[in-house]
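S.K.: My structure is below; once you've seen it, I'll send some questions.
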Amino acid sequence: MKMQTNIHALKNNHGFTLIEIIIALVVISVALGAVISTTASSVDHGSHIKEKTIALWVAKNHITELSISKQWPAAGQQSQKVSMAGKDWFLNNKIIQTPDENIRRMELSVFTDQKLESNVLNLVAYINRPQLFEAKK
């Protein structure tokens, strides 16, 4: 009689089988893999946005400095190194004459390396001749 009770107790046990547990673990691991991949992609995208934002600040600062200076930039190309946000940035500045003698086109590229291979940003700006804005006496 005792043996029948134990068999009856085993038949009424409603636990999970080994196959069900393995399938559940596979589903969970696939879901966690997708979450980790998405998180890594978001972090990478965030650092790219940060780099582009700082490069834009570097470019805008350079354009502003050139615009408020009393010097009229000569046509040609020049490169320079600028530090911002704890990092060195390399500018390639190309000044081009326009049909209007009082305006110059500036094509500015910002790079993260001195060899000017890792381009982060390209920007085009137009600069007015400085004396156009001097107050008349």
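S.K.: Of (1) more than 16 Å from the chain's Cα centre (by Cα); (2) surrounded by fewer than 16 Cβ atoms within 10 Å (Cβ to Cβ), I63 satisfies all except one. Which?
M.R.: In the conditions (1) more than 16 Å from the chain's Cα centre (by Cα); (2) surrounded by fewer than 16 Cβ atoms within 10 Å (Cβ to Cβ), I63 misses (2) alone.
S.K.: Working only within the stretch 91-128, note down all residues that are β-branched (V, I, T) and either surrounded by 14 or more Cβ atoms within 10 Å (Cβ to Cβ) or more than 13 Å from Q78 (Cα to Cα) (or both).
M.R.: Scanning the stretch 91-128 gives I95, T98, I103, V110, T112, V120, V124, I127.
S.K.: Let me ask another. Of the residues that make up the stretch 104-117, is at least one under 17 Å from the mean Cα position of the chain (by Cα) and of a type in the set (K, R)?
M.R.: There is no residue in the stretch 104-117 that is under 17 Å from the mean Cα position of the chain (by Cα) and of a type in the set (K, R).
S.K.: I'd like the full set of residues that are within 11 Å of I127 (Cα to Cα) and touching a Lys or Arg at 6+ places or on another chain (Cβ under 6 Å), limited to the stretch 74-106.
M.R.: I95, I96, T98, N102
S.K.: Still on this structure: Looking only at the stretch 1-20, which residues are in a helix (DSSP H, G or I) and either at pLDDT below 90 or not β-branched (V, I, T) (or both)?
M.R.: Listed by number, the residues that qualify are K2, M3, Q4, T5, N6, I7, H8, A9, L10, K11, L18, E20.
S.K.: May I pose another question? Could you look through the stretch 67-82, keep only residues that are polar (S, T, N, Q), in contact with a helix residue (DSSP H, G or I) (Cβ under 9 Å, 6 or more places away or on another chain) and closer than 26 Å to E51 by Cβ, and pick out the one that is surrounded by the most Cβ atoms within 10 Å (Cβ to Cβ)?
M.R.: Checking each candidate, the answer is S67.
The values are calculated or read from the model by the stated rules, or taken from the named source; none is laboratory data. What you see is a predicted model; the values in this text were computed from it and never measured. So basically every Cβ, Gly included, is an ideal-geometry build from the backbone, and we count neighbours across all protein chains shown.
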